[in-house]
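Heads up, the thing below is written out as structure tokens.
No lab work stands behind these numbers, since they all come straight from the coordinates. As the structure is a computational prediction, the values presented were derived from the model and not from experiment. As a convention, Cβ positions derive from the backbone with ideal geometry for all residues, glycine included, and neighbour counts pool all protein chains shown.
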Amino acid sequence: MKRNNVWIIILLFAVFLFSGCGLLVVGGAAVGAGTGTYFFVNGELKTDYYAPFDKVWNACEKTIADMRGVEVVPAKEIAQGKITTLINDEKVQFDITYKSKKLTTVAIRVGIIGNKLSSQLLQDKIAEHLAIN
């Protein structure tokens, strides 16, 4: 009887321990999957684009122009950049990060706490601009 109780406790502990890790596994797969797969964490919607950093940066700028962004503040460095703007009176922040020669990550936060639907729209616009070029 004691042996069965030990196995039940171990099983419950394992379920408790691994219940939060499913998200990590899915998140790892989401980041590696590429364009079209989004990862929403802490109010930011992230995705990887199989394109060079400069091409993705230009697509972000075109997206901001299409959405009539005002008060645009770009801060571009060698391997990363940030663009903040106001779109429809909502603060929007684009974080663009170089990962490799043809892989760039874009994280978008709309508003203070993040808006997944609006971020998704902006990510889709970036993908459209990358497909055109």
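Residues that are closer than 15 Å to Ile87 by Cα and assigned to a loop (DSSP other than H, G, I, E, B) within the stretch 98-128 comprise Gly111, Ile112, Gly114, Asn115, listed in sequence order.
Just one residue in the set Val70, Val41 is surrounded by fewer than 17 Cβ atoms within 10 Å (Cβ to Cβ) and more than 17 Å from Gln123 (Cβ to Cβ); that residue is Val70.
Checking the condition in contact (Cβ under 8 Å) with a residue 24 or more places away in the chain, outside any helix (DSSP H, G or I) and in contact with an Asp or Glu (Cβ under 8 Å, 6 or more places away or on another chain), which residue from Asp48, Asp95 passes? So that I can check it myself, show each step before the final result.
Details: Asp48 fails: in contact with an Asp or Glu (Cβ under 8 Å, 6 or more places away or on another chain).
Every option except Asp95 fails the conditions.
For the stretch 85-129, the set of residues classified as farther than 20 Å from Arg68 by Cβ and more than 13 Å from the chain's Cα centre (by Cα) consists of Tyr98, Lys99, Ser100, Lys101, Lys102, Leu103, Ile112, Ile113, listed by residue number. Taken over the stretch 80-109, the criterion of being over 14 Å from Thr63 (Cα atoms) and of a type in the set (Val, Ile, Thr) is satisfied by Thr97, Thr104, Thr105.
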